[in-house]
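Undergrad: The structure that follows is given in the form of structure tokens.
The values are calculated or read from the model by the stated rules, or taken from the named source; none is laboratory data. Every value quoted in this text rests on a predicted model; they were computed, and no experiment measured them. All Cβ positions, even for glycine, are placed from backbone atoms using ideal geometry, and neighbour counts span all protein chains on display. Remember, those area values only see protein heavy atoms, side chains included, never the ligands or the DNA or RNA. Shrake-Rupley method; radii C 1.70, N 1.55, O 1.52, S 1.80 Å.
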Amino acid sequence: MVRRLTAALVVALAFALAGSVSLVPVTAAYADPPSAHIRDSIAKAAISQIGKKETGNNYYPKAYKISSAILRPAAWCGIFANWAWWKGGATKRPNMTGSGTNQGHWATYWQKWGKAQHRWKPISKKSTAPGDVVVYGNYPDSRHVGVVVGVKYDSHGNVSQVRTVEGNFGDKVTDRGWRKIGSMSGGGAKATGFVSPV
């Protein structure tokens, strides 16, 4: 009888405490999902490179050549974006081998790859997040890509402004600053959408 009463008291006490004290460890309750960590790491990697310059005509910094398939020299905005995703821990990235526009060296391939992977977000949706790659122009004639490192929202929850860091913009890694999502342009083309790393 005493054991039953003791067990009942323990259960009652647990329920009473549950109303005022969380029984879930704080680290588990407030931990970021893995995708948020990857996005944050990509943005930080891109920001860390602001100001890095070419050492010759399209000879981008050697650190961005993360595999033997990556060409150097090359037009390198796609190479920089691929490096930022790799550095941030994205496990799926555009293929850096192949020929012509069908590989990640080329800005034009990012849109095609994003659509094939169901990771493409058209600019009209006004939806992006840090770590995404912004694409300027449409396949097969995309002109440039950059890494989203910050977003601001309007009162309806839509993205209103985007901050990007872009490789091979002025022959260096450039912070393009905050721009309205509907008026972003690069490489002579308007932004058409975003590719998600997760």
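Undergrad: Between ASP141 and ASP171, what length comes free when the chain is fully extended (0.36 nm per residue of separation minus the Cα-Cα distance, one decimal in nm)? Before the final figure, lay out the partial values.
TA: Working: separation 30, 0.36 × 30 = 10.80 nm, distance 2.06 nm.
Working it through step by step, the gained length comes to 8.7 nm.
Undergrad: Take the alpha carbon gyration tensor of the range 89-161, find the square roots of its eigenvalues, order them as a ≥ b ≥ c, and report rounded if a/c is under 1.5; if not, report prolate when a/b exceeds b/c, else oblate. The partial results should precede the final answer.
TA: Details: a/c = 2.38, a/b = 1.90, b/c = 1.25.
The shape class here is prolate.
Undergrad: Once the Cβ-Cβ distance between ASN158 and ALA75 is put in as r, and R0 is 45 Å, what FRET efficiency do you end up with, to the nearest 0.05?
TA: Working: r = 32 Å, r/R0 = 0.72.
The pair ASN158/ALA75 has a calculated efficiency of 0.90.
Undergrad: Using a basic spin-label model with each label point 7 Å from the Cα along Cα→Cβ, how many nm lie between LYS44 and TRP178?
TA: About 2.3 nm separates the two model spin labels.
Undergrad: In addition: Sequence neighbours fewer than 8 away in the same chain don't count; with that in mind, list the lysines whose C-alpha is under 23 Å from LYS152.
TA: Those lysines meeting the cut-off are LYS44, LYS121, LYS125, LYS126, LYS180, LYS190.
Undergrad: Further question on the same structure: Which residues' amide hydrogens lie under 5 Å from the amide hydrogen of THR164, considering only partners 5 or more residues apart or on another chain, with H built in the peptide plane?
TA: VAL149, ARG176, GLY177
Undergrad: Let me ask something else. How far, in nm, would the chain grow between HIS118 and LYS92 when pulled straight, counting 0.36 nm per residue and subtracting the alpha carbon separation?
TA: Values: separation 26, 0.36 × 26 = 9.36 nm, distance 1.21 nm.
Length difference between fully extended and current span is 8.1 nm.
Undergrad: Heavy atoms of the protein only, probe of 1.4 Å, neighbouring chains included. What is the accessible area of SER183 in Å², nearest 10?
TA: Here the accessible area works out near 70 Å².
Undergrad: I would also like to ask the following. So how much accessible area does HIS37 have, in Å² to the nearest 10, using a 1.4 Å probe?
TA: For HIS37, solvent-accessible area is about 120 Å².
Undergrad: Within the range 79-172, list the trypsin sites (Lys or Arg not before Pro) lying in a DSSP loop whose Cβ has at most 12 other Cβ atoms in a 10 Å radius. Please list the in-between numbers first.
TA: Values: sites: LYS87, LYS92, LYS112, LYS115, ARG119, LYS125, LYS126, ARG143, LYS152, ARG163, LYS172; in loops: LYS92, ARG119, LYS126, ARG143.
Answer by residue number: LYS92.
Undergrad: Tell me, how many Å apart are the Cα centres for the range 75-154 and for the range 161-198?
TA: Centre-to-centre (Cα) distance: 10 Å.
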